[in-house]
Every structure is written in C-alpha cells, then in structure tokens.
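First the structure, in the form of structure tokens, and then the observations on it.
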Amino acid sequence: MVVERVLVAETVDIAEEYYLSVLLDRDAQKHVVMLSAKGGMDIEEVAATDPDAIARAHIDPAWGIWDYQLRALVASANIPVPARRGVAQLIRTVVKAYHESDAEMIEINPVALTADGKVVAADAKVSIEDNALYRHPEYLSTADDSAEDPIEAEAARRGIAYVRLGGNIGIIGNGAGLVMCSMDEVKAAGGNPANFLDVGGGAQAERVASCVELVLTDPNVEGLFINIFGGITRCDQVAMGILSAFESLSVDLPVVARIEGTAAEEGIRILQGSSIVPAETMQEAASKIVSLVASK
C-alpha cells in the first residue's frame, strides 16, 4: 500500500471529553442536536447503558438553534459550568455548518475541554447528503476517491447506480428491485453476480452504452445478463445502446438479454443478428448466462 498523504494534527492536552452531534431524527422527522458529558466513547453504548446522559433538542432548519435551547442542552447534559459557554458556542457553529453544508450528520467526538480551559473539536465526522452535492461543487473538487473501488468511483462520476460485488456475471437492469431479483436468479442458477447496476428510468441509448462499458471494465466479468422491463424506458433505446457499446468495445463474452415492455418488439428486432442470446423470462435468462459462462 502506498501512503499518499499524511495528516498532521496539533497535540491537545485534554482535561475532559464530551460528545456532540447534529443529525436527522427520522422518527420525529426533525433535526436533532445530541450532547453528552460522556464523550470519547461509543455513543450507542452510552445510549444503551445510561440514556439520561444524552441531552437532545430538536431544531428548526429555518431558525437554527435558540439561546434557550443551548442553555437547556448544556445544563441537561451536565456540562461543567466553566465549559458551558464554549460548548454552547461550538454547538451553534456546528448547527450552522450542518445546515449550510446539507449534511446528514456532523459528529464531534470528543469535544475536548483542554487543560487551559478551551473548548476544542478534537475529532469530527461529517456525512454529506449525496443528493445535495450538486449545490457544493467545492466538495467534489476535493473528494479523495483513492480508497474507493475505481469502477464504483467512475460510476459515481457518471451518475450511475453501481455496486461491485466480486462475482463473474455482470448484471444490468432498470429499477433497483428488478436488478436485485436478477441477482437472486443468477445466484439460484449457480452463478455469482459481479455487480449491481440500475440504468434508471427512461434511459437513452447513450446511457445504456455507458452502463455496458462500465460493467465490462471489471476484469472478473465473464458474462453479461441484461434484464429490462420497459415502462418509461424504451426497449429499442436499450437495444441500440447495447449494440453501440458492443461495437466500440469488441465484446467477446456471452451475453443474455431479456427485454419486455415498451417497444420490446423493436428492441428484439434490433438485437437480431447479433451474438446476444435472447430469453423470454428472467429465470430463463439467468439459467442461460450461468450455463454459457460455465461452458466457456
């Protein structure tokens, strides 16, 4: 493994450790601030063994956090009086950052009270809502994908829902449910799915071609199963995208396609004469691709 960068951090002389987080309370459908004087450890353990040690306050994204909520939080969490002003200021800063960055969660653990009485965010974890990244190009420009799977990173850049699974049969479908069912059928037929890939609704030929190209960049892929049920996705567009990718990539591996729905007859006609093996049902298609790969 190659070390690509080194993090240098200032040494902090910690006297006490607290816990602070801002996140979405899905049960209450509100944003919540959580504060505890028991920091530096797993907050789930604290919640299970001493739930009263965690103070909570729901906040309105339109207004942020009010002064009375800050006072109640630091008091309820039993933050020592000398540290309360500094902790309250940190909470206000974190809440502001949480809303402005479209974060799903910001966790400061520990919030450190130093030996000289300063309140410091000694560590932080920040999770940004993926669907809001278009509002924050500055995050994308600094993103470090060196630890990510390179194919998954490329899929993210293309806006394709893709997960690499490590098997040898590539799978492409439209709709997450259909793709997962396709994976199950391949597994039931004795094969191993190489990936999850959802082309999305209404995919045009160019996007389908991009998806095929992406799946085939995995060197472990020995066969491809394409399962399309056309609704807003037109099967003729899918077929044209498949052929376009095959022509540019010179594909030399077995491919089975099951195409039904909108413009399915035209899609099947477009694929006629190619090396793609047709199938009428998902089960038939899964069985065929597993057999073809096994017989290579």
Residue 283-residue 204 pseudo-label distance in nm [points 7 Å out on the Cα-to-Cβ vector]: 3.8 nm
Proportion of all alpha-carbon pairs of the range 132-187 beyond 15 Å (%): 60 percent
Dipole of the chain, positive end: most advanced residue of 283, 76, 193 [Cβ charges, Cα centre]: 76
Relative contact order computed over the range 14-140 (Cα-Cα under 8 Å; 6+ residues apart), in percent: 29 percent
Average projection area in nm² (convex hull over Cα atoms of the range 150-294, one quarter of hull surface): 7.2 nm²
Residue-wise HN-Hα coupling along the range 257-263, computed from phi with Karplus coefficients 6.51, -1.76, 1.60 (Hz; x: Gly, Pro): 10, 10, 10, 9, x, 4, 6
Equivalent ellipsoid semi-axes, the range 14-140, via Cα gyration tensor eigenvalues times 5, rooted, Å: 24, 16, 15
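What number results when the radius of gyration of the range 68-198, computed over Cα atoms, is divided by 2.2 N^0.38 Å? Could you put the intermediate results ahead of the total?
Working: Rg = 22.2 Å, N = 131, 2.2 N^0.38 = 14.0 Å.
Taking N as the residue count of the range 68-198, the ratio is 1.58.
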Against the rule of thumb 2.2 N^0.38 Å, how large the Cα Rg of the chain comes out: 1.36
Convex hull volume of the range 64-131 per residue (C-alpha atoms, cubic angstrom): 83 Å³
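Quick note: the coordinates plus some simple rules give every number you see, no bench work behind them. The structure presented is a predicted model; accordingly, all values stated were derived computationally and were not measured. Quick reminder, even Gly has a Cβ in these numbers, built from the backbone with ideal geometry, and neighbours come from all protein chains shown.
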